[in-house]
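**Student:** Please find one structure pasted underneath; my questions will follow.
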Amino acid sequence: MNNKQVHGCVLHLEIIGDKVWIHQDGLEDGIADELLNAGIPQDKIVLGFHHPDLRPYTGFAIR
């Protein structure tokens, strides 16, 4: 039998300065709404998994 262990990152958040960067979000409903519901303003959340050119169209912080 060939046993393999598979490892993957489901969620990767990082606090940089005064912003929460979402680098990876593999959750079914997404973490951004949870952060908003927890009181973190939209302009303090960066969707880092989007290309920088696309971030201005997300409604969230761009950097």
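**Student:** Which condition does VAL6 not pass, out of (1) closer than 19 Å to ILE62 by Cβ; (2) hydrophobic (A, V, I, L, M, F, W, C); (3) more than 13 Å from the chain's Cα centre (by Cα), if it passes all the others?
**Tutor:** The number of the failed condition is (1).
**Student:** Looking at segment 1-12, I want the residues that are in a strand (DSSP E or B) and have a partner that is loosely packed, with under 10 Cβ neighbours inside 10 Å with Cβ atoms under 9 Å, at least 6 apart or on another chain. Which pairs are those?
**Tutor:** Partner pairs satisfying both residue conditions: none exist.
**Student:** Please determine, by comparing only the residues of segment 47-63 that are of a type in the set (A, V, I, L, M, F, W, C) and touching a helix residue (DSSP H, G or I) at 6+ places or on another chain (Cβ under 7 Å), which one is surrounded by the fewest Cβ atoms within 10 Å (Cβ to Cβ).
**Tutor:** Once the filter is applied, the top-ranked residue is ILE62.
**Student:** Same structure again: Out of segment 37-46, which residues are over 16 Å from LEU11 (Cβ atoms) and open to solvent by less than 70 Å² (accessible area, probe 1.4 Å)?
**Tutor:** Once the filter is applied, which keeps residues that are over 16 Å from LEU11 (Cβ atoms) and open to solvent by less than 70 Å² (accessible area, probe 1.4 Å), segment 37-46 yields GLY39, PRO41, LYS44.
**Student:** If you take the residues of segment 1-31 that are closer than 18 Å to GLN42 by Cα and open to solvent by 100 Å² or more (accessible area, probe 1.4 Å), which of them is modelled with the lowest pLDDT?
**Tutor:** Once the filter is applied, the top-ranked residue is ASP29.
The values are calculated or read from the model by the stated rules, or taken from the named source; none is laboratory data. Everything quoted here is computed from the prediction, not taken from an experiment. Methodologically, a virtual Cβ is constructed for each residue, glycine included, from the backbone with ideal geometry; neighbour enumeration extends over all protein chains shown. Only protein heavy atoms, including side chains, enter the accessible area calculation; ligands, DNA and RNA are left aside. Shrake-Rupley method; radii C 1.70, N 1.55, O 1.52, S 1.80 Å.
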